[in-house]
Structures are given as C-alpha cells and as structure tokens.
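Have a look at the structure below before the remarks.
The values are calculated or read from the model by the stated rules, or taken from the named source; none is laboratory data. Predicted, not measured: the structure shown is a model, and the values here were computed from it. Virtual Cβ from ideal backbone geometry, glycine too; neighbours counted across all protein chains shown.
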Amino acid sequence: MLLAFESIARTASACLVDAAGREVAFADLAGGEAERGLVSLLDGLIRAHGLPTELAVAAGPGSFTGLRIGVVAARTLGWIEHLPVHAVDSLAARAAEAGDGLWWVLISLKRDTTFHGLFRVQGGVVETLQPTVAALDAAAAILHPLTAQAVAIGPALSSKPDLASRWCPGIALGEVAQLTARGVARLARQVPPQAWDKILPAYHQASAPELQRARAAQTQPPNPSQLSP
C-alpha cells in the first residue's frame, strides 16, 4: 500500500492507494497549517488502515516551509519504518491529477514569480515536455512550441488571472485547483523510489534570504581596496 502526501501550499493532504492504484482513503487539513497538522493526518491514516509499504511526497516546487515539512515527514517515516520514498514533481503531479490531456501547469511562488511546466498525460502516464521552471511574471516566459495547444491549469490562474493569457495569448484556461495527494499517488509509481536519506526539497529557486543577499551584493558600492590602481 502506498501512502502519498503533499504540503506544497502550507496546508496538506494525504491518501492511501492499494497495489492496483485504487484509493483506500483520503484526508486533508481543510486549509489548516501543515506544520501543525500533517503528522496527525498521516498518523490517523496509518492507525485506521495499517502501515504502508511505500511512500510518495511532492518534493517541489511549492512553499519553502511547506516543502520542508513534507520532505521531513517522508524522510522520518521512511527512516523509522525502512520504507522507499517516491519524490515527485509538484507540477507533474498536478497534471497527473487532471487526467489525460495536454496540460500547462502554473503555480505561484510569490507575487512576482510563477512556476510553470508542460506535460502530456496519456493513459495515466505523464510525459514531461517542458520541465518545471520558475519565471518572473514581468518577463516573457520561454515556452515549449506545443504550449499554445495545451490547457492551462493550476492555482496561479486564480491568484494571477491575466498571467497565462499574457504569457501565451489565446491559451485555453482550465481548473484553478491546487494539487492534492491524489495527484502525488497517480504519479508516484512512475518515479523510481529512493532511500529516505536521498529525498530533498526541490525548491527550483533560491530562498528569499539568499535572493535578498544576492540583490544586496549587486547594489553595494565597490570596495576601494579591491579597485585597480
């Protein structure tokens, strides 16, 4: 049995699926914070349905805090119970959750940056056409030639309603729903499992403090001692 979960938006969801991919149980925090509720959520599913034989987690991209919480939970449970872990891409999992089709997935990082990627799903199998990348909203996004034929989906369509159409004029707009653990479960067995200690958050961008330090370094005046005579 596979236990899949995600906490990419600071809240969390989890589900159990059997060896045939049938859903056994699903639960979420109904908007509650993952740092307070994820462990209890997972514990409740395990107590009700038994210990899983493998784990799957959305490793990123997503909220920096949310990703750390989810990955730490996967690493800890994998270590304690000696379970393999499938670490899946959040946007690819969102495409898997949408079902068969050509999907351009957009998830906001912050006010000026958005993750996007292009995926084709056929018979439940996810093919990555353009890997997940972070792009500044004000810039012209670099798009795969097939993007114009896709349907845009993901929560960025709600938080940034004009972005998809500005990046790709005429694009068809689809569901704005966030990823849930169901998408993680659908993609999990297409991703090779790893040992718990190999699982790390996939931020796809430097943290806010790192970006702030880099910007500060660029704006600092040169040190006179480092100038050529």
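Some points to look at:
- Residue among V72, V121 that alone is modelled with pLDDT of 95 or more, surrounded by fewer than 24 Cβ atoms within 10 Å (Cβ to Cβ) and not in a helix (DSSP H, G or I): V121
- Long-range neighbours under 7 Å by Cβ, at least six apart or interchain, first residue among the aromatic types (F, W, Y) within the stretch 184-198, second buried (at least 24 other Cβ atoms within 10 Å of the Cβ) and not in a helix (DSSP H, G or I): W196/V85
- Residue in the stretch 47-57 that is in contact (Cβ under 8 Å) with a residue 24 or more places away in the chain, under 21 Å from V105 (Cα atoms), touching a Gly at 6+ places or on another chain (Cβ under 8 Å) and of a type outside the set (D, E, K, R) present: yes
- Here the condition is being surrounded by fewer than 18 Cβ atoms within 10 Å (Cβ to Cβ) and touching a helix residue (DSSP H, G or I) at 6+ places or on another chain (Cβ under 7 Å); of T128, T132, T113, it holds for T128 alone.
- Conditions (1) under 19 Å from H86 (Cβ atoms); (2) in a helix (DSSP H, G or I); number of the one not met by A14: (2)
- Checking each residue in the stretch 17-45 for being crowded, with 17+ Cβ neighbours inside 10 Å and assigned to a helix (DSSP H, G or I) picks out A34, G37, L38, L41, L42, L45.
- Among (1) of a type outside the set (V, I, T); (2) at pLDDT 95 or above; (3) loosely packed, with under 14 Cβ neighbours inside 10 Å - the single one A208 does not satisfy: (2)
- So G62, is it modelled with pLDDT under 95, at positive phi, buried (at least 19 other Cβ atoms within 10 Å of the Cβ) and among the small types (G, A, S): yes
- Residues of the stretch 135-166 satisfying the condition of being in contact with a Leu (Cβ under 6 Å, 6 or more places away or on another chain) and part of a strand (DSSP E or B): A152
- Any hit, the stretch 83-106, residues being modelled with pLDDT of 95 or more, in the same structural domain as A135 (by TED's automatic domain parsing), surrounded by 16 or more Cβ atoms within 10 Å (Cβ to Cβ) and touching a His at 6+ places or on another chain (Cβ under 6 Å): yes
Conditions tested, residue by residue: (1) at pLDDT below 95; (2) not assigned by TED's automatic domain parsing to the domain that holds V121.
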residue	(1), (2)
S158	no, no
C168	no, no
R186	no, yes
V191	no, yes
P222	yes, yes
